[in-house]
Amino acid sequence: MYKAIVIGTGPAGLTAAIYLARANLNPLVIEGLQPGGQLTTTTEVENFPGFPEGILGPELMENMRKQATRFGAEFRNGWVESVDFSARPFRLTLEGKVVLEAETVIISTGASARYLGIPGEKENVGRGVSTCATCDGFFFRGKKIIVIGGGDSAMEEASFLTRFASDVTLVHRRDELRASKIMQDRARENPKISWALNRTPLEVAVTETGVKGLQVRNNETGAEELVEADGVFVAIGHTPNTAFLGGQITTDANGYIVVNPGTTETNIPGVFACGDVQDTRYRQAISAAGSGCMAAMDAEKYLEGSMVHDWSETLDK
Ligand code: NAP
């Protein structure tokens, strides 16, 4: 049995692992399908303090992993299929039906890219439709690309993709962008980016050989239009990875874990959540790392028996 199991290896999970390992709690860290989390699909991270020249996302995550290993964290590849938080110790079932037991569990499973749910989208992932510019941009050298979305992710993906594409069209359903000013300015100053605002995506249009563009509705005129492109990148945000919890942890309507404000406590004492899986507001690598530290310290206090507050009743209300 483990004193602490951490599920997920983004900045939140790895920071929790570093703190737990340094507290001699020998955590087991479960790495899922995307070790390192979302930062492994970004390029340069410019806003993580301590790296004045920036650092590559995968390198930052590799460094965090090394740091956790150095202090005794154990890593295991696997996919948590289900959990049983109804009795102590907690039980986690991995695919292959391996059962692991732990006194405390830290959930840091992050969030996954969202899709629009329009025709032609899911069935063409890997054949012209993508949610990861860093992974797939290279395949579109000299081609036309569409990026869908109006947030920071869309701005970042569009700017990044101009390294490969002949031109990038940013399609957004409103005429106002949600992205931060600095990211907007950067994209607006990029001569390779053109804008198709106030357009609702309707369908990814394909031919026998691949994607030919995006069918959209012009919300000003109501008319349908085809925005031509060889590739479509969907950058409309993320969904929290909480399905495996089977409803045992309180979540909000969108599936994000509800924690007691100012802590990482979930409705089950001894189970803590950190990072994007519980964060609808900040969703930054540094805030995820900070909450990972909090989760480890909360777990440590719980194991010592010195956790003062049990907020489960508050959360249940
Ligand atoms: P987001 O801020 O939630 O933006 C999602 C965008 O997709 C919005 O513009 C939204 O449109 C659009 N959208 C959502 N559902 C749609 C649908 N069904 N059809 C058409 N459009 C749809 O998500 P995000 O850009 O991934 O950013 C998430 C967080 O990460 C933010 O806090 C952001 O600041 C942060 N982030 C930071 C960086 C950075 O600093 N380097 C990079 C990436 C992300 P509406 O605007 O109309 O709702």
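Among beta bridges from DSSP that stay inside the chain, the antiparallel ones total about 45%.
Near residue 128, no amide H atom lies under 5 Å from its own; only residues 5 or more places off or on other chains count, and H is placed 1.01 Å from N. Around the amide H of residue 213, modelled in the peptide plane, lie the amide H atoms of 205, 229, all under 5 Å away and 5 or more residues distant in sequence or on another chain.
Each Lys or Arg adds one and each Asp or Glu takes one away; over the other residues whose Cβ falls under 13 Å from the Cβ of residue 69, this sums to +2. When peptides 134-147, 273-286, 116-129 are sorted by average Cβ neighbour count within 10 Å, with the highest value leading, the order is 273-286, 134-147, 116-129. Cysteines in the chain that lack a partner Cβ within the 4.7 Å cut-off: 274, 293. Near residue 112, the amide H atoms lying under 5 Å from its own belong to 239, 241; only residues 5 or more places off or on other chains count, and H is placed 1.01 Å from N. Going by accessible surface with a 1.4 Å probe and the largest first, 104, 221, 239 read 221, 239, 104.
Along the axis of the charge dipole computed for the chain (Cβ charges of +1 for Lys and Arg, -1 for Asp and Glu, origin at the Cα centre), the listed residues 8, 274, 243 are led at the positive end by 8.
The charge dipole of segment 125-283, taken about its Cα centre with unit charges on the Cβ atoms of Lys, Arg (+1), Asp and Glu (-1) only, comes to about 280 debye.
Taken one residue at a time, the phi angles of segment 15-22 give Karplus couplings (6.51, -1.76, 1.60, θ = phi - 60°) of 5, 4, 4, 4, 5, 5, 5, 5 Hz. Gly and Pro are set to x.
Defining a contact as two alpha carbons under 8 Å apart and six or more residues distant in sequence, what relative contact order in percent does segment 122-234 show?
30 percent
If R0 is 30 Å, the Cβ-Cβ spacing of residue 76 and residue 304 corresponds to a FRET efficiency of close to 0.75. Evaluating kT/(6 pi eta Rh) at 10 °C and 1.306 mPa s, with the Kirkwood radius of segment 122-234 over Cα pairs in the Stokes-Einstein relation, gives 116 µm² s⁻¹.
Summary value for the chain: 20 percent relative contact order, contacts being C-alpha pairs under 8 angstrom separated by 6+ residues. Given their separation in residues at 0.36 nm each and the Cα-Cα distance between them, residue 135 and residue 243 gain 36.4 nm when the chain is fully extended. Across segment 61-75, rounded Karplus estimates of 3J(HN,Hα) from the backbone phi angles (6.51 cos²θ - 1.76 cosθ + 1.60, θ = phi - 60°) give 5, 4, 4, 5, 5, 4, 5, 5, 5, 4, 9, x, 5, 9, 10 Hz, Gly and Pro being marked x.
Packing, as the average of other Cβ atoms within 10 Å across residues, places the peptides 248-255, 8-15, 67-74 in the order 8-15, 67-74, 248-255, highest first. Average projection, convex hull of the Cα set of the chain: 18.0 square nanometres.
Computed from phi, the 3J(HN,Hα) profile of segment 208-217 under the Karplus parametrisation 6.51, -1.76, 1.60 (θ = phi - 60°) reads 5, 9, x, 6, 10, x, 10, 7, 10, 9 Hz, with x in place of Gly and Pro. Dividing the summed helix terms, -39500 (n - 2.57) for each DSSP H run of n ≥ 4, by the number of residues in the chain produces a 222 nm estimate of -7000 deg cm²/dmol to the nearest 500.
The values are calculated or read from the model by the stated rules, or taken from the named source; none is laboratory data. This structure is a prediction, so every number in the text was calculated from the model and none was measured. As a convention, Cβ positions derive from the backbone with ideal geometry for all residues, glycine included, and neighbour counts pool all protein chains shown. Just so you know, the surface numbers come from the protein's heavy atoms only, side chains and all, with ligands and any DNA or RNA stripped out. Shrake-Rupley method; radii C 1.70, N 1.55, O 1.52, S 1.80 Å.
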